[in-house]
Amino acid sequence: MRKNGYKGRCVKKSLSKSKEVCRTYDPLQSKYADMLEESPDIQEIRCNVLLEGLSEGEYTSDFVCIKTNGDLMVRECLQRNRLTKPMNVKLLNASREYWLKRGVVDWGLVINAEE
């Protein structure tokens, strides 16, 4: 989850399952994008999807995917050492609530276990 318009260093990836160039901002995001690309359960990948109308500000979800059965899946990538930071907890809860209100029940975290 990132602030919309984040200006950090990014890697642009061209994925066959994505209609647009996917921008990843850290190795965890990049590796997970590759895993989604290889997964037979994923039909389409959308990267850095804007959470419109979020009261916390303009933020994006890392990955919103359409599974082969038509269901949506949302994943937020986060380094383990940032998991308990109050602002991250607040933003992750806001993301989860945002997607639940839109009927998405397959919401989850991708956490780098390395410190």
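Some values worked out for this structure:
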{"read-out": "Selection within segment 72-87 - over 22 Å from V21 (Cα atoms) and either open to solvent by 50 Å² or more (accessible area, probe 1.4 Å) or free of Cβ contacts under 8 Å to residues at least 12 places away in the same chain (or both)", "value": "R80, N81, R82, L83, T84, K85, P86, M87"}
{"read-out": "Odd one out for A94, checked against (1) closer than 21 Å to K17 by Cβ; (2) surrounded by 13 or more Cβ atoms within 10 Å (Cβ to Cβ)", "value": "(1)"}
{"read-out": "Matching residues in segment 1-21 - criterion: being open to solvent by less than 70 Å² (accessible area, probe 1.4 Å) and either closer than 14 Å to L36 by Cα or among the acidic types (D, E) (or both)", "value": "K13, L15, K17, S18"}
{"read-out": "Top-ranked residue in segment 45-57 [being surrounded by 13 or more Cβ atoms within 10 Å (Cβ to Cβ) and over 13 Å from the mean Cα position of the chain (by Cα); ranked as farthest from E97 (Cα to Cα)]", "value": "E56"}
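The values are calculated or read from the model by the stated rules, or taken from the named source; none is laboratory data. What you are looking at is a predicted structure, and each value in this text was computed from that prediction instead of being measured. Every residue, glycine as well, gets a Cβ built from its backbone with ideal geometry; the counts of neighbours run over all protein chains shown. Keep in mind that these areas ignore ligands, DNA and RNA; they rest on the heavy atoms of the full protein, side chains included. Shrake-Rupley method; radii C 1.70, N 1.55, O 1.52, S 1.80 Å.
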